[in-house]
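Down below is the structure, laid out as structure tokens.
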Amino acid sequence: MADIIRLEKISKTYGTKVKTQVLFDIDLAFAEQSFNAIIGQSGSGKSTLMNIIGTLDQPTRGEIWINQIRTTDMNADQLASLRNETIGFIFQFHYLLPEFTVMENVLMPWRIRGLPVIKEVRDRAEELLDTVGLSKVHNNLATALSGGQQQRTAIARALINQPKIVLADEPTGNLDSATTDTVYQLLRQINRKMKTTFIIITHDKRVAEQADRIVEIKDGRIEMDVRNPI
């Protein structure tokens with residue numbers, strides 16, 4: 001498989017007078033359709049790395065390619081367009097809009113693109129809600145859902161624009177172990193069915209062990225990079 005993400009010599013330093021370097025010359029690539037886990041202790045730099053991969057933050061030095069596009073010299077509008085069209089995000093806190101229904105939350109990234117919600121898009125949203133097991137509650141307000149249902153809504157929302165990449169930062173950090181297993185099996189199912197590349201930050205070793213590949217970040221450097229024989 002071709003690489004859908006490639007990082008070359010990525011470094012990140014915060015501050016001007018007092019400088020703190022959190023990433024050191026990271027070289028890393030992820031193949032299309034792969035399912036990857038990034039692990040590391042708090043403060044290791046893994047969330048900074050995730051934000052840079054998702055173009056939410058910029059490296060101090062280094063080159064980034066997303067879906068064969070070099071992002072280093074893109075302006076803010078170009079990066080926002082690339083994110084919206086190519087990358088889906090799932091966070092530990094789902095960030096659903098409480099005044100909107102499940103369906104409306106799922107459709108929000110499409111509306112942000114300024115495009116009309118035609119039948120094809122609504123059908124896609126309904127299919128996604130069926131995939132995540134929420135068809136029966138699609139008209140419920142987000143506040144009327146359980147924690148697991150809210151996170152599954154966030155998964156469907158991340159997929160509405162048919163992104164090639166999904167970045168998930170501790171997506172089950174607030175869920176119990178049984179719901180965590182359900183959500184990760186769902187992510188795996190989507191990876192296989194839709195050929196979406198997943199990169200997941202997790203503290204849960206059980207989750208990491210289900211990935212095709214585990215990358216460990218320690219003190220801003222790659223400490224381990226192994227393929228899982230699963």
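The values are calculated or read from the model by the stated rules, or taken from the named source; none is laboratory data. Keep in mind that this is a model prediction, so the values were computed, not measured. Quick reminder, even Gly has a Cβ in these numbers, built from the backbone with ideal geometry, and neighbours come from all protein chains shown. With ligands, DNA and RNA removed, areas are computed over all heavy atoms of the protein, side chains included. Shrake-Rupley method; radii C 1.70, N 1.55, O 1.52, S 1.80 Å.
Looking at (1) touching a residue at least 12 places away in the same chain (Cβ under 8 Å); (2) at positive phi, can you tell me which one G15 breaks?
Of (1) touching a residue at least 12 places away in the same chain (Cβ under 8 Å); (2) at positive phi, only one is false for G15: (1).
Can you tell me which condition L115 does not meet? The list is (1) closer than 28 Å to A2 by Cα; (2) in a loop (DSSP other than H, G, I, E, B); (3) of a type in the set (A, V, I, L, M, F, W, C), and all the others hold.
Checking L115 against (1) closer than 28 Å to A2 by Cα; (2) in a loop (DSSP other than H, G, I, E, B); (3) of a type in the set (A, V, I, L, M, F, W, C), the one that fails is (1).
Among the numbered criteria (1) in a loop (DSSP other than H, G, I, E, B); (2) open to solvent by less than 60 Å² (accessible area, probe 1.4 Å); (3) more than 30 Å from D27 (Cβ to Cβ), which single criterion is violated by F93?
(2)
Test each condition in (1) out of contact with any Asp or Glu (no Cβ under 6 Å at 6 or more places or on another chain); (2) open to solvent by less than 50 Å² (accessible area, probe 1.4 Å) for E126 and report the one that comes out false.
Against the list (1) out of contact with any Asp or Glu (no Cβ under 6 Å at 6 or more places or on another chain); (2) open to solvent by less than 50 Å² (accessible area, probe 1.4 Å), E126 comes up short only on (2).
Suppose we keep only residues that are farther than 16 Å from R152 by Cβ and among the hydroxyl-bearing types (S, T, Y) within the range 72-101. Which one would you say is nearest to the chain's Cα centre (by Cα)?
T86
Would you please name the residue that is nearest to N191 (Cα to Cα), looking only at residues in the range 63-83 that are part of a helix (DSSP H, G or I) and open to solvent by less than 40 Å² (accessible area, probe 1.4 Å)? Full working, then the answer.
Quick first cut of the range 63-83, residues part of a helix (DSSP H, G or I) only: 76-83.
From what's left, open to solvent by less than 40 Å² (accessible area, probe 1.4 Å): 79, 82.
Numbers: L79: 24, L82: 21 Å.
So, considering only residues that are part of a helix (DSSP H, G or I) and open to solvent by less than 40 Å² (accessible area, probe 1.4 Å), the one nearest to N191 (Cα to Cα) is L82.
Name every residue in the range 96-113 that is surrounded by fewer than 17 Cβ atoms within 10 Å (Cβ to Cβ) and either among the β-branched types (V, I, T) or free of Cβ contacts under 8 Å to residues at least 40 places away in the same chain (or both), in order of residue number.
Initial filter on the range 96-113 (surrounded by fewer than 17 Cβ atoms within 10 Å (Cβ to Cβ)): 97-100, 108, 111-113.
Selection gives R111, I112.
Residues in the range 154-167: is at least one modelled with pLDDT of 90 or more, charged (D, E, K, R) and either surrounded by fewer than 16 Cβ atoms within 10 Å (Cβ to Cβ) or over 15 Å from the mean Cα position of the chain (by Cα) (or both)?
So far as the range 154-167 goes, no, none of its residues is modelled with pLDDT of 90 or more, charged (D, E, K, R) and either surrounded by fewer than 16 Cβ atoms within 10 Å (Cβ to Cβ) or over 15 Å from the mean Cα position of the chain (by Cα) (or both).
Here are the criteria: (1) modelled with pLDDT of 85 or more; (2) loosely packed, with under 14 Cβ neighbours inside 10 Å; (3) of a type outside the set (S, T, N, Q); (4) out of contact with any helix residue (DSSP H, G or I) (no Cβ under 9 Å at 6 or more places or on another chain). Tell me which single one I230 does not satisfy.
(1)
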